[in-house]
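Notes follow once the structure below has been shown.
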Amino acid sequence: MRLRRLLVAAGMFIPSLVVAQPALDSWENLGQLRVGQEVEVVDTKMKPFEGLFLGHSAEGVRLLVGKDEVSVHRKNVVSVKNREAPRRARNAWLGLGIGAGVGAAVGWIKGKTYHEQGETGVFMLVWTPVGAGIGAGVGAMLPAGHVTIYRVRDLPPR
């Protein structure tokens, strides 16, 4: 019964981790980007600039588009997106490993707590792939590439 309550609580908590996103309207989020990283900056005219990130300051963001260095003033920036390659496969593999470990632990606890001696291994064999499957699914659902790093809260009037 205790295990069922734990699984129900985890089932209610895990989706909030997958869906939750940090506040995107903070200019300081641009500190997550590395120089040379592929980004897309959209200005107030909805014109996208795709290129390599060169840096940011309180005044604006700089990037290399082709061979030209482009600066977009902060008040003209609508959004900044990370254009790096998706990492779904890596996230799925990490989720699979973590889920398998959690599943094995649940099987071990359930086998030791509620059943006869010698059944622990069977419970671990059952719960390990269940946890691995759930973990891989959650890992694959995590945000992949093209993640929005910054988005202005309200568009300035034209």
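The values are calculated or read from the model by the stated rules, or taken from the named source; none is laboratory data. Small disclaimer: the values here were computed from a predicted structure and weren't measured. With ideal geometry, Cβ positions are generated from the backbone for all residues, glycine too; neighbour counts draw on all protein chains shown.
Consider residue 17 carefully, then state whether it is farther than 29 Å from residue 154 by Cβ, at pLDDT below 95 and not small (Gly, Ala, Ser). So residue 17 fails the test. Of all residues in region 73-92, those that are surrounded by 15 or more Cβ atoms within 10 Å (Cβ to Cβ) have Cβ atoms under 6 Å from Cβ atoms of residues that are of a type in the set (Phe, Trp, Tyr) and modelled with pLDDT of 85 or more, 6 or more apart or on another chain, in 80/150.
Yes/no per residue for (1) at pLDDT 90 or above; (2) part of a strand (DSSP E or B):
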site: 51; (1), (2): yes, yes
site: 69; (1), (2): yes, yes
site: 91; (1), (2): no, no
site: 98; (1), (2): yes, no
site: 110; (1), (2): no, no
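Closer than 14 Å to residue 150 by Cα and within 22 Å of the chain's Cα centre (by Cα): is that true of residue 83 in this structure?
Yes.
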